[in-house]
Amino acid sequence: GESVGLHLPTLSVQEGDNSIINCAYSNSASDYFIWYKQESGKGPQFIIDIRSNMDKRQGQRVTVLLNKTVKHLSLQIAATQPGDSAVYFCAENWHTGKLIFGQGTTLQVKP
Amino acid sequence: EAQVTQNPRYLITVTGKKLTVTCSQNMNHEYMSWYRQDPGLGLRQIYYSMNVEVTDKGDVPEGYKVSRKEKRNFPLILESPSPNQTSLYFCASSLEGAHTEAFFGQGTRLTVV
């Protein structure tokens, strides 16, 4: 999950700007990473994933970057919209059954 | 509609009174898992199941039991609830293992007094 040095509990951005949410994962043996979005009162929703044999993966308006050297994961959201306001969690998997979540970053989008 | 359904959504109970939170998925997923979410701690895995009759402990299994008698259902059992189990609980399922996209239920808010 997120480390003290890199984890920002809250990120506030202007509508239309790009957002970058960071996450430091804990296990160098982790081989699968996921970003989830959780809106108020709802369960987490899958955004994008990446496997350890990749450095970058792009989706619709989102990009995940993986730096295995420093065990760092980031989620970039392009042209942030009010609907992007939520809590974002990174998660890592190194055992087929276990999934470890970070503490989460709250993204606030200012109009 | 593909979904994970938890019941109940809200529950207030007393210490020591056994309860079960049900979870059902209609996607024929092999993998199911339970998490609890507490402020400042994120989501922590309680138990998971790789397939029918196969369950294993997550990071915080103490005080909980699960069963996986059929593929679609994965109930969470609290034999003797205590106030420290007051939390928001989520069930999730995925096609196979934690290394595939997981679908979450809407959550069950449990209060133990």
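Every number in this text was worked out from the coordinates using simple rules, so none of it is lab data. No experiment lies behind these values; they were computed from the predicted model shown. Neighbour counts run over all protein chains shown; Cβ positions are idealised from the backbone, glycine included.
Backbone geometry of segment B:41-57 corresponds, through the Karplus equation with coefficients 6.51, -1.76 and 1.60 at θ = phi - 60°, to 3J(HN,Hα) couplings of 10, x, 9, 10, 7, 9, 8, 9, 9, 7, 5, 4, 6, 10, 10, 8, 6 Hz, x marking Gly and Pro. Calculate, for B:LYS65 and A:THR106, the FRET efficiency according to 1/(1 + (r/R0)^6) with r their C-beta to C-beta distance and R0 35 Å; round to the nearest 0.05. After rounding to 0.05, the efficiency reads 0.60. Between amide H atoms placed 1.01 Å from N, distances below 5 Å from B:GLY63 occur with no residue 5 or more places distant or on a separate chain.
List the pairs from A:LYS37/A:LYS68; A:LYS37/B:LYS17; A:LYS37/A:LYS110 whose alpha-carbon separation is above 28 Å, in the order I gave them. In this structure, A:LYS37/B:LYS17 exceed 28 Å between Cα atoms. Take B:VAL52 and A:ASN18, extend 7 Å from each Cα along the Cα→Cβ direction, and tell me the distance between the two endpoints in nm. About 4.9 nm separates the two model spin labels. Each residue of segment A:19-35 was assigned a 3J(HN,Hα) from its phi angle through the Karplus expression (A = 6.51, B = -1.76, C = 1.60, θ = phi - 60°), giving 10, 10, 10, 9, 7, 10, 8, 9, 10, 5, 7, 4, 10, 8, 9, 9, 10 Hz with x at Gly and Pro.
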